[in-house]
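What follows is a set of notes on a single structure, which appears directly below.
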Amino acid sequence: MTSQPGDALDDPADDAPGEQPDDGRPTFRLGYVPGATPGRWAGTWRDRLPDVRLELVQVGAADAPAALAERRVDAAVLRLPVDGDVLHAIPLYTELPVAVVSRDHLLAATEEEEVVTADDLADDVVWLAADDVLYPGDAATPGRRPEPYDDGAGGVVEPERPGTAADVIALVATGVGVTVVPMSLARLHRRKDVTYRVLDGGPDAPVGLAWLVDGLSDDERELVEEMIGIVRGRTVNSSRGRAGRERAEAAEPARDAADARRAAGRREGGRGDSRGGGQPGARRPRGGGKPGRGRPRGGRGKR
């Protein structure tokens, strides 16, 4: 699934953990990176597993794998890809990249549903945050990279990358350049002095659910499986979920009794009628005569 411009996403405020007192219930900790919106899944979890407290823990995009490895969270909604030797992961959806510009930029005059291309950014300085998830390493970026500048004392200063998406969007608001981020981050850090347009041909931003390959107990794996079922949209009656299994187990005595009644009925029906002679259960055809002969169908018959 790919997020599209104008899609309604959960309000980030809906994902806040809030005050959840430790009341003795076991806890499942779901990590999520900025921009991810696990609120709808959290609501489903609380409906289906009221006996297991769900704690939502926000983690940085770069820190999410470490949070899993260090057992700070039990599963995480994070940016893909991940190291398959350490983490299992399933894809959830893919976000579109957007170019964020100040309200004074020429692109701000275009319609919101219009898209832009790398050529539209060719003359712009493109800033990327230190926690950027779209252009790893030395990947080619649109526009021009920030250039070193004279510090006024005869020295040359290399421009520092803003630390986070919020920082880089605040910088763009001053009109010194543009940035490219996943759409969810542009929405998360929305401001009145910036806007964004989908970047056609830009890198996608896949999001998935991940958990540890090794080191989980049976109980922990069962809870991870419950979360997998929720994010994949399995119904509460799914045989792979705990609620579905509990219902199936509760129904087993009733099914066994019904099977016993059906078996008893088959045995009674197989005893036949001794008064009719012949094989057990056999019926003599209507009209007398031997079984299988009967009266001729239709026609005038023999005179």
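Bear in mind that the values in this text are calculations on the coordinates, not laboratory data. These figures come from a predicted structure and were not determined experimentally. Here the Cβ positions follow ideal geometry from the backbone for every residue, glycine too, while neighbour counts run over all protein chains shown.
Observations
- Taking one quarter of the surface of the convex hull spanned by the alpha-carbon atoms of region 170-233 gives a direction-averaged projected area of 7.3 nm².
- Note that region 46-86, at 25 °C in a medium of 0.890 mPa s, gets a Stokes-Einstein diffusion coefficient of 211 µm²/s from its Kirkwood radius over C-alpha pairs.
- Region 88-166: radius of gyration over Cα atoms, expressed as a fraction of 2.2 N^0.38 Å: 1.38
- Charged neighbours of Ala64, selected by a Cβ distance under 12 Å, balance to -2 (K, R count +1; D, E count -1).
- Close amide H pairs (under 5 Å, H built 1.01 Å from N) link Ala75 with Arg29, Gly31, residues at least 5 positions away or on another chain.
- Computed E for Lys192/Val236 - FRET, C-beta separation, R0 35 angstrom, nearest 0.05: 0.25
- Amide H contacts under 5 Å for Gln58, placed H, 5+ residues apart: Tyr32
- Summing Cβ point charges (Lys, Arg +1; Asp, Glu -1) relative to the Cα centre of region 70-201 gives a dipole of roughly 500 debye.
- In nm, spacing of pseudo-spin labels at Arg266 and Glu160 (7 Å Cα→C-beta vector): 7.9
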